[in-house]
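Participant: Take a look at this one; I'll ask things after.
Laboratory data are not the source of any read-out in this text; all were calculated from the coordinates shown. These numbers were taken from a predicted model, which means no experiment stands behind them. Here Cβ is always computed from backbone atoms with ideal geometry, including for glycine, and neighbour counts include all displayed protein chains.
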Amino acid sequence: MLSINIKQLLEAGVHFGHQTDQWHPKMKQYIFSQRNGIHVIDLQKTMKKFKEAYEFVRDSVAKGNTILFVGTKKQAQEIIKNEATRCNAFFVKERWLGGMLTNFKTIRKNIERLRELETMEKDGRFEVLPNGEVKKLKKEKDALGAVFEGIREMEKLPDIIFMVDLKKEGIAIKEAKKLGIPVVAVVDTNCDPNLVTYCIPGNDDAIRGLNLFVNQIAEAVMEGRGLAKKEEVPPVEQQMEGAVQEEAVAQEKTVAQEEGTVQEKTVAQEEGTVAEGSGGEQDGGNTGGTE
């Protein structure tokens, strides 16, 4: 469950929005007041929306869905990478390449090219090439590696996208909307909250605030995976009950088989006895007739 409180949000500066002359009118419902020309975000509403976003991510992951963390601005890059890595999720931190979602087949080809270049470097093929060619290939490899570092194992489109800056990630939002992929995002006072599926009102610039947001979404991912595992593996009591039931059924089958065998033997013996008795009577009749 969400493990932060309003005091932590306050200490992290999450309530500080942008300057009042830069605000987006659709963020009005999340603004508490203004101070020194800066909008102050209502942290009560931030907590409410954050809880909704957390539960959505947790429940989606519990169903087997995947999530992509996106944060390409400087102060968010390492936070995004570290937290996504911690919860074993995909991430984009350097720059959003146009078509990363809408032209995913081409993206996969670029990732295959990256793997090819890495293999060439490892198996010594670079060593037999001219220095100029090697330099060119290494530059290509490094560029591809930087862009695709966090999605190189992503075999299909993500089911959810989490991002921390709508202004910076405009292309990603458009691609997600076109494909119908839900977006969970931290939304500052200068952004349109209607662009995303789950809006978390808050300061998208303060590093401490970003740490809180990204950390908790990573926690939601891990909690969701934990719930999925619990559903896959029944409780010990259920497993024991199942084993007892299976053993009881097996014993019943054994008893039934043994009873059937006994019954067959008894019937056979009775039939044999009757047959012997009938044979004796027939022999006696024949002898008497001869005399």
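Participant: I need the chymotrypsin sites (Phe, Trp or Tyr not before Pro) found in the stretch 1-59, filtered to DSSP loop residues with at most 11 other beta carbons within 10 Å of theirs.
Facilitator: none
Participant: Going through the cross-link list Lys74/Lys168; Lys109/Lys141; Lys28/Lys48; Lys48/Lys177; Lys48/Lys230, which pairs have a Cα-Cα distance over 22 Å in this structure?
Facilitator: Going by Cα-Cα distance, Lys48/Lys177; Lys48/Lys230 fall outside the 22 Å limit.
Participant: Here's a follow-up. The stretch 175-202 to the stretch 40-106: how many Å between their Cα centroids?
Facilitator: Taking the Cα centre of each part, the stretch 175-202 and the stretch 40-106 sit 11 Å apart.
Participant: What list of ³J(HN,Hα) couplings, whole Hz, do you get for the stretch 131-139 from phi and the Karplus terms 6.51, -1.76, 1.60, once you set θ to phi - 60° and write x for glycine and proline?
Facilitator: Each residue's phi maps through the Karplus curve to give 4, x, 5, 4, 4, 5, 5, 5, 5 Hz.
Participant: For the stretch 47-206, what relative contact order do you get, as a whole percent, if you take Cα pairs closer than 8 Å and at least 6 residues apart?
Facilitator: The normalised contact order for the stretch 47-206 reaches 28 percent.
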